[in-house]
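What follows is calculated from the coordinates using simple rules that are stated; it is not laboratory data. Since the model is a prediction, treat every value here as computed from it, not as a measurement. Cβ coordinates were reconstructed from backbone atoms using ideal geometry, including for glycine residues, and neighbour counts include every protein chain displayed.
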Amino acid sequence: MRHFLRDDDLSPAEQSEVLALAAAMKAKPFDHQPFAGPQTVAMIFDKPTLRTQASFAAGIAELGGHPLLVEGKLAGIGNRESVADVARVLGRQASAIVWRTYEQSRIDEMAAYAGVPVVNALTDEFHPCQLLADLLTIQEHKGALAGLKVAFLGDAACNMGNSWALAGAIAAMEVRFGCPDGFAPAYGSSTVTDDPIAAVDGADVVVTDTWVSMGKEEEAEARRATFAPYSVTSELMAHAKPDAIVLHCLPAYRGSEIAADVLDGPQSVVWDEAENRRHAQKAILAWLEARRHE
Ligand code: NVA
């Protein structure tokens, strides 16, 4: 049995296989129904969500399954009962568990005890489902991924930075992080510069994320000052390739990490990216279900 807890849980060949499956599912949304029955897939959110809950619920339904929303606060995971006990209980009701939570160690523990595949729907450390959607989107707009130059601007010391460092390398892309000192990804071995122009120079793809990740709200004011030079503006975009595309996992703060005219402009593919969450997550759920009894 396999889990999807971090981006490097998939080898390069497996990542390509899942992306190809996602593209096939996007073309024919109701042709793949591994959860027909319906089998239940549990979703738990310990942090805010819009895209993740909507895209998993819609995607699980398209896969023939039943999405069960478990209220993280009501269940009191880790307080009212241990992660291991919650895992053992939900593993007896559901065919897979999707969890958005804080420390990566919590989801590692869930996977150790659940007895069913566990999918990371964002932790403090990684956001691997978002990366599958991002790679699918880039593939659609640019063709092959290998060799593309990606610039990630802003707070790279968060889940999105870490996931880009791992998933970008697995896809054989050249990922350059433009971020202040002390905000480089903690995983992988990517190129890091504190010069935003050098990061974006000649890029095929420009990526950014909020400067204030969920849980960092108290640091908001200081972060806005620290990251100000890394805002993705049209002036900065002029240093990327003319046909560069712009990605943002959303929610976006126009005027902070990205200018409104860039987010809402012709180079932005963020709405495709948001839609592709569903197709990418359907693919990883189906891929894991096929390996559940191995
Ligand atoms: N880094 C952001 C991603 C939001 C999808 C956060 O953790 O809030």
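Against the chain, whose longest principal axis is taken from its Cα atoms, helix 270-290 shows a tilt of about 40°. Under 14 Å from a label point set 7 Å out along the Cα-to-Cβ vector of E219, the amide N atoms of the range 150-171 belong to 154-162. For V207, the residues 5 or more places off, or on other chains, whose built amide H falls under 5 Å of its own are A151, F152, L153, L247. Classify the range 231-271 as rounded, prolate or oblate, taking a ≥ b ≥ c as the square roots of the eigenvalues of its Cα gyration tensor: rounded when a/c is under 1.5, otherwise prolate if a/b is larger than b/c and oblate if not. Oblate is the answer for the range 231-271, as a/c is 1.5 or above yet b/c matches or exceeds a/b. For the chain, the Kirkwood hydrodynamic radius from C-alpha pairs, put into Stokes-Einstein at 4 °C and a viscosity of 1.567 mPa s, yields a diffusion coefficient of 67 µm² per second.
Axis of helix 12-27 versus longest Cα principal axis of the chain: the two differ by about 80°, to the nearest ten degrees. What the phi angles of the range 137-144 give under the Karplus curve with 6.51, -1.76 and 1.60, with θ = phi - 60°, is a coupling list of 5, 5, 4, 5, 8, 10, x, 4 Hz, glycine and proline written as x.
Coupling constants for the range 154-169 follow from the phi torsions by the Karplus curve (6.51 cos²θ - 1.76 cosθ + 1.60, θ = phi - 60°), and in residue order they are x, 7, 8, 8, 10, 3, 5, x, 4, 5, 5, 4, 7, 5, x, 5 Hz; glycine and proline get x.
If you run the Gaussian network model on the chain, springs between alpha carbon atoms under 10 Å, then out of T101, T208, T49 the most flexible one is T49.
The range 1-140 gives an Rg/Rh value of 0.95, both radii derived from C-alpha positions and Rh following Kirkwood. Just so you know, the Rg over Rh for the range 130-274 is 0.92, from Cα atoms, with Rh as the Kirkwood radius. Among residues other than T210 with Cβ under 11 Å from its Cβ, the summed charge is -1 (Lys and Arg +1, Asp and Glu -1). Other residues within the sphere of radius under 13 Å centred on the Cβ of G255, judged by their own Cβ, net out at -1 (K and R +1, D and E -1).
Between the amide H of V175 and those of V150, T191, distances stay under 5 Å, these residues lying 5 or more places away or on another chain, with hydrogens modeled in the peptide plane.
Computed from phi, the 3J(HN,Hα) profile of the range 57-71 under the Karplus parametrisation 6.51, -1.76, 1.60 (θ = phi - 60°) reads 4, 5, x, 5, 4, 5, 7, x, x, 10, x, 9, 8, 9, 6 Hz, with x in place of Gly and Pro. Normalised Debye scattering of the range 61-108 at q = 0.13, 0.31 Å⁻¹ gives log10 I(q)/I(0) of -0.32, -1.42, counting only Cα atoms as equal scatterers and leaving out solvent. Dividing the summed helix terms, -39500 (n - 2.57) for each DSSP H run of n ≥ 4, by the number of residues in the chain produces a 222 nm estimate of -12000 deg cm²/dmol to the nearest 500.
Taking 32 Å as the limit for the C-alpha separation, the pairs K47/K282; K149/K216; K73/K149; K26/K149; K28/K142 exceed it in the case of K73/K149. Amide H contacts of S268: V246, each under 5 Å away and 5 or more positions distant or on a separate chain (H built 1.01 Å from N in the peptide plane; Pro and chain starts excluded).
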